[in-house]
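The values are calculated or read from the model by the stated rules, or taken from the named source; none is laboratory data. Computed from a predicted structure; not experimentally measured. Note that we place each Cβ from the backbone using ideal geometry, even for glycine, and neighbour counts take in every protein chain shown. When the accessible area is computed, the model is the full protein with side chains, heavy atoms only, and any ligands, DNA or RNA have been set aside. Shrake-Rupley method; radii C 1.70, N 1.55, O 1.52, S 1.80 Å.
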Amino acid sequence: MTGGGRRSARSRTKPSTDVNEDDDAFNKAKPISKLRRVKTKDHGTALRILNADLKIILGFGIIAALIIFFLVHHLISTAEEARRPRVVTPFPAPRIMDLPQFQGEHKESLYWGTYRPHVYFGIRARTPLSLVAGLMWLGVKDGRYFIRHICQDSDDLSTYGWTSHNGRDFGHQVLVDQDMTLATSFLKYKEDDSGYGGDWAVRINVQNQGWNDEMQKNVHLFFYLAEEDGNALSLGGDTLDIHENSLLASGLRTGIGEWQLHLKSKADLEVHYSGLRTPHIHNLSDLVQENLASQLIRFNRLQLPDIYQSSSNILVFQISGRIPLEADIVFVSGAGENSRVEERISNLAGVSLTNQLNKKQREFDVKFESCFQLADKLDSNSIHVGKAAIANMLGGIGYFYGQSKISIPKNSNVKSHDDFLLYWPAELYTAVPSRPFFPRGFLWDEGFHQLLIWRWDLHISLDIVGHWLDLINIDGWIPREQILGAEALSKVPAEFVLQHSSNGNPPTLFLVLRDLVNGIKKNKFTASESNDIISFLQQAFVRLEAWFQWFNTTQLGKDVGSYYWHGRDNLTIRELNPKTLSSGLDDYPRASHPTEDERHLDLRCWMLLAADCMNSVAELIWKENKPEKDYSSTSNLLSDFDTLNQMHFDHASGAYFDFGNHTEKVRLSWKENMIGNNYVNRELVREVLEGPELKLVPHVGYVSLFPFMTRIIPSESWILEKQLDLISNRSILWTNYGLRSLAKTSSMYMKRNTEHDAPYWRGPIWMNMNYMILSSLRHYSLENGPYRDKARAIYEELRDNLIRNVVQNYHQTGFLWEQYDQKQGKGKGARVFTGWTSLVLLIMAEAYNEI
């Protein structure tokens with residue numbers, strides 16, 4: 001259009017006065033209002049002018065059509081937004097993950113990783129539809145074979161977990177299955193010829209412990225690739241002989257370009273394969289098992305069928321050989337012509353890979369000492385556990401993509417064919433509490449995880465916190481449990497899938513944000529790191545405000561400065577004490593009869609943390625133009641010692657308590673119900689023997705110590721001494737292994753909450769709360785006051801007890817545990833609980849959160 005306009009302008013510079021009849025007829029035929037009159041002898045020129053003008057008209061028409069299209073699209077989108085329920089409407093602000101610091105080199109450096117924590121070994125990219133890799137093997141138990149793939153307790157592995165992992169490009173893991181020890185190493189490397197994200201290699205080393213059984217002298221490994229987007233994968237060849245050709249598979253992906261997967265080994269290996277076509281990979285173990293069973297029944301051989309289904313998007317390679325065995329699997333991206341593929345493969349296999357892994361191991365050891373400085377504090381056994389703690393925290397980081405299922409809010413006009421609404425499609429990069437039991441994101445766990453991670457890698461920590469805050473909805477709510485994607489969903493019982501928008505979770509992300517703000521004030525970061533933190537906080541501030549406001553409105557109590565956790569069941573007849581799942585402390589005893597009159601002490605203290613942190617962030621990033629909300633007034637209100645005592649302190653016991661409609665006279669009793677004529681159903685139901693009344697709820701435990709943990713109590717107050725007495729009293733909270741969650745004197749101590757719910761936060765020792773208590777003991781031991789020496793003595797003994805017990809359990813069992821028994825110190829609950837139990841490393845390093 002533009003070129004045509006310039007040609008018309010040039011034709012008008014020398015107008016002709018000569019007109020013939022054809023020209024005149026032509027000019028008369030043109031609509032005067034639309035086209036210019038042109039007098040010329042040159043018919044070609046006239047046609048060019050007509051063509052140019054038609055282009056102008058057509059161009060304007062297209063522009064008008066596009067404008068109309070976008071206006072209509074905008075109106076439709078606006079209408080859809082208006083119809084979308086608020087609970088599943090994203091917060092209307094720029095995403096934190098769109099910040100420049102999370103783009104470019106940072107984003108590419110984290111593209112590939114061991115981001116599948118629910119499997120024993122898995123690799124994926126941080127992208128919604130990824131090329132996924134993983135490892136299975138056949139375990140032998142009682143003369144039978146079993147597929148090992150998904151982390152699960154029933155596999156009965158003696159131990160497994162990362163012994164080293166830097167969160168970015170290196171990790172080493174050891175798994176012991178009966179008498180077989182399997183080690184997996186992961187290395188990532190970027191060369192000039194590599195595609196986006198670089199290349200990676202996996203070393204698999206298998207050793208045995210002197211087996212005599214012939215079937216145990218062979219190992220069957222299964223390494224697989226799967227395309228989540230359904231694109232077909234290409235097989236290296238119909239017959240796979242790695243000594244003739246190491247290529248197993250190849251393909252093409254946007255961004256990384258052509259890629260190849262190679263197998264290198266000096267061992268005498270037999271390789272078979274199976275190509276599968278399926279939209280899902282969460283049931284891949286079953287598919288492999290079915291393939292093997294079919295071959296065993298039909299041909300009496302334990303091998304994959306060497307069959308490639310048309311357009312297979314999953315390739316499984318069976319690698320069989322005699323133990324000991326070592327094999328290197330190499331993935332190269334950007335594998336087009338002139339990309340030095342053979343040289344790059346050679347650099348990531350054999351001796352070269354050994355050298356690089358050794359180098360990365362040395363770098364891990366040096367960084368570990370630099371970060372935590374344990375060499376002069378602890379013995380080698382303790383340091384070994386400390387390394388396992390940080391390695392498993394980093395190695396357990398996962399990437400998830402999907403839509404949370406949200407229960408339809410009560411008293412809403414929302415209509416749905418299902419009993420839930422779908423959150424918007426979202427991604428989450430996060431650490432997880434436990435690979436076999438909880439391999440997904442939990443909001444209140446994550447704040448504790450980040451206390452460890454930011455000290456190791458600030459930018460990974462900011463990336464994770466940013467992903468979480470981008471999940472906030474328009475009301476300021478974040479779903480407390482993130483079940484994103486089919487693989488994550490497959491690990492969750494149906495009753496826990498739906499997330500309830502009325503329920504919160506402790507806002508522990510403020511713990512790490514407060515650490516970062518304090519770190520800037522004390523010059524703990526480089527100038528570049530400080531700038532990244534500040535730009536992060538500036539982008540996140542509006543979301544943090546919304547999150548704070550959600551708590552400060554939806555969880556507000558009847559009295560000024562009071563709060564209560566929503567979500568307790570006030571109609572249940574099967575729970576001894578209705579659970580408070582939203583608090584994170586599940587069955588910790590609260591008021592026996594949930595009402596809006598409750599005042600929850602722990603939530604009040606969490607709100608103080610949030611208000612204090614918001615005030616500090618505001619002062620840091622808005623030095624001149626402070627936000628309209630004055631967080632200092634809320635912080636001052638919630639930290640007021642006299643108000644706290646009036647609402648929650650019991651002078652007789654010297655302890656802080658919840659307040660609510662409560663009676664101690666409750667019990668579980670067996671009740672028989674006749675069903676039909678021949679069957680009697682017997683169940684435990686709650687029996688209330690005395691009417692409740694509004695009063696303090698007299699259960700000493702972790703909740704009682706929240707004012708101590710948040711350091712509201714003045715260092716010179718006699719109430720501080722009372723807290724120290726409660727902590728150190730063996731008849732109440734003290735044990736030789738850590739502080740128990742509920743006092744032995746409590747009527748609910750170690751009581752089952754239902755027929756099927758064993759005591760959870762009613763006695764056992766939990767590391768996250770012990771860490772916070774230790775942190776405050778250390779604080780008061782350094783403050784001037786009459787009780788500093790007492791605080792110091794308690795601090796030192798408690799720290800020693802916690803470290804000794806966790807280290808001893810790890811070396812005895814091979815695992816960190818979810819909780820520890822208060823009587824004998826043995827690990828309990830979920831094993832491979834490498835979430836907040838990893839805080840033992842910060843206890844070793846005496847690295848605590850500051851206020």
Checklist entry - Does segment 699-712 contain any residue that is within 30 Å of S530 (Cα to Cα) and over 30 Å from the mean Cα position of the chain (by Cα)? => result yes
Checklist entry - If you go through segment 219-233 one residue at a time, do you hit one that is more than 30 Å from K491 (Cβ to Cβ) and in a loop (DSSP other than H, G, I, E, B)? => result no
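Conditions tested, residue by residue: (1) assigned to a loop (DSSP other than H, G, I, E, B); (2) open to solvent by less than 40 Å² (accessible area, probe 1.4 Å); (3) not hydroxyl-bearing (S, T, Y).
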| position | (1), (2), (3) |
| --- | --- |
| P578 | yes, yes, yes |
| A591 | yes, yes, yes |
| D597 | yes, no, yes |
| W606 | no, yes, yes |
| D612 | no, no, yes |
| V617 | no, yes, yes |
| S633 | no, no, no |
Item to check | Unique residue being charged (D, E, K, R) and over 24 Å from L585 (Cβ atoms) when the list is E683, E693 | outcome: E683
Checklist entry - Given the structure, is Y749 of a type outside the set (D, E, K, R) and in contact with a helix residue (DSSP H, G or I) (Cβ under 6 Å, 6 or more places away or on another chain)? => result no
Checklist outcome for this item: Just one listed residue, out of T745, T735, is out of contact with any Lys or Arg (no Cβ under 9 Å at 6 or more places or on another chain) and under 21 Å from Y760 (Cβ atoms), and it is T745
Checklist outcome for this item: Restricted to segment 486-499 and to residues being within 15 Å of G398 (Cβ to Cβ) and open to solvent by less than 30 Å² (accessible area, probe 1.4 Å), the residue nearest to the chain's Cα centre (by Cα) is A488
Item to check | Criterion: in contact with a helix residue (DSSP H, G or I) (Cβ under 9 Å, 6 or more places away or on another chain), closer than 20 Å to L110 by Cα and either modelled with pLDDT under 90 or among the acidic types (D, E) (or both) - qualifying residue of D470, D475, D445 | outcome: D470
Item to check | Residue in segment 829-851 that is farthest from Y737 (Cα to Cα), counting only those that are more than 23 Å from the chain's Cα centre (by Cα) and charged (D, E, K, R) | outcome: E850
Checklist entry - Which residues, taken from segment 825-842, are out of contact with any helix residue (DSSP H, G or I) (no Cβ under 6 Å at 6 or more places or on another chain) and free of Cβ contacts under 8 Å to residues at least 24 places away in the same chain? => result K826
Item to check | Answer from A335, A327 - the residue that is modelled with pLDDT under 95 and either under 21 Å from A267 (Cα atoms) or among the hydrophobic types (A, V, I, L, M, F, W, C) (or both) | outcome: A335
Next on the checklist: Given the condition assigned by the TED database to the domain that holds P324, on the phi < 0 side of the Ramachandran plot, among the hydroxyl-bearing types (S, T, Y) and surrounded by fewer than 17 Cβ atoms within 10 Å (Cβ to Cβ), answer yes or no: does some residue in segment 264-276 qualify?
Outcome noted: no
Item to check | Out of I242, I256, sole residue that is of a type in the set (V, I, T) and surrounded by fewer than 22 Cβ atoms within 10 Å (Cβ to Cβ) | outcome: I242
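If I filter segment 792-806 for residues that are of a type outside the set (F, W, Y) and not in a helix (DSSP H, G or I), do I get at least one hit?
no
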Item to check | Unmet criterion (only one of (1) under 19 Å from P707 (Cβ atoms); (2) in a loop (DSSP other than H, G, I, E, B); (3) among the aliphatic types (A, V, I, L, M)) for M750 | outcome: (1)
Checklist entry - Before we move on, is A375 at pLDDT 95 or above, open to solvent by 40 Å² or more (accessible area, probe 1.4 Å) and not in a helix (DSSP H, G or I)? => result yes
Checklist entry - How do the pairs read when you match residues in segment 118-138 that are under 17 Å from L484 (Cα atoms) with residues anywhere that are open to solvent by 10 Å² or more (accessible area, probe 1.4 Å) and among the acidic types (D, E), using Cβ under 7 Å and keeping only pairs 6 or more apart or on different chains? => result H118/E487; P128/E427; L129/E228; L129/D229; S130/E228; V132/E228
Checklist outcome for this item: Here the residues within segment 640-691 that are at negative phi, outside any strand (DSSP E or B) and modelled with pLDDT under 95 are N677, N678
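Report whether or not S502 is surrounded by fewer than 17 Cβ atoms within 10 Å (Cβ to Cβ) and out of contact with any His (no Cβ under 8 Å at 6 or more places or on another chain).
no
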Checklist entry - Within segment 484-499, how many residues turn out to be in a loop (DSSP other than H, G, I, E, B) and at negative phi? => result 7
Next on the checklist: Condition check: open to solvent by less than 10 Å² (accessible area, probe 1.4 Å), in contact (Cβ under 8 Å) with a residue 40 or more places away in the chain and over 24 Å from L581 (Cα atoms). Does L452 satisfy that?
Outcome noted: yes
Checklist entry - Out of curiosity, is L571 in contact (Cβ under 8 Å) with a residue 24 or more places away in the chain, on the phi < 0 side of the Ramachandran plot and not β-branched (V, I, T)? => result no
Checklist outcome for this item: Checked against (1) more than 20 Å from the chain's Cα centre (by Cα); (2) among the small types (G, A, S); (3) modelled with pLDDT under 95, A527 satisfies every condition except (3)
